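Report on one structure; see the data block that follows.
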Amino acid sequence: MASDHTVGFEPADRLEQDRESVRRRFWGKFKQVVAQLPFAEDLLAAYYCAFDKQTPRHVQAALLGAVAYFILPFDFMPDVLPLLGFTDDAAVLATAIRMVASHITQEHRDAARAALKRGIDTTDGTE
């Protein structure tokens, strides 16, 4: 039985266990909403760190949970709301990044910046 403070996060926990589903669903949603995300570069850097084989497992788990929350079709603040829709996603991501900031390397940030510079139409998530 989930404790009161984890109720509602079970779907994110399940997605964290299925890395390929997170990978596939992340890129679909990211491509749809990238223009609306002021934190797109941080989200991509976290994504690259989460899938980096050199990243410790506990860091991967924290970042995959945050990425999974981003791709969930429902959350506390619906993403379709202008300006406010991604505030909860940003808060979850910021918390995860703060917890593991030392593991998000310059290479992860450079990869994120390069992906955004290339344009989202050419970003397929296979880097």
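Report the residue count in region 75-127 for those that are part of a helix (DSSP H, G or I) and modelled with pLDDT under 55.
Number satisfying all stated conditions: 2.
Check Glu41 against each of (1) in contact with a Phe, Trp or Tyr (Cβ under 7 Å, 6 or more places away or on another chain); (2) at pLDDT 80 or above; (3) under 21 Å from Gly119 (Cβ atoms) and name the one condition it does not meet.
(1)
Would you confirm whether any residue within region 52-66 is modelled with pLDDT of 80 or more, of a type in the set (Asp, Glu), under 24 Å from Asp18 (Cβ atoms) and surrounded by 13 or more Cβ atoms within 10 Å (Cβ to Cβ)?
Looking for residues that are modelled with pLDDT of 80 or more, of a type in the set (Asp, Glu), under 24 Å from Asp18 (Cβ atoms) and surrounded by 13 or more Cβ atoms within 10 Å (Cβ to Cβ), one finds at least one in region 52-66, hence yes.
The values are calculated or read from the model by the stated rules, or taken from the named source; none is laboratory data. As the structure is a computational prediction, the values presented were derived from the model and not from experiment. Virtual Cβ from ideal backbone geometry, glycine too; neighbours counted across all protein chains shown.
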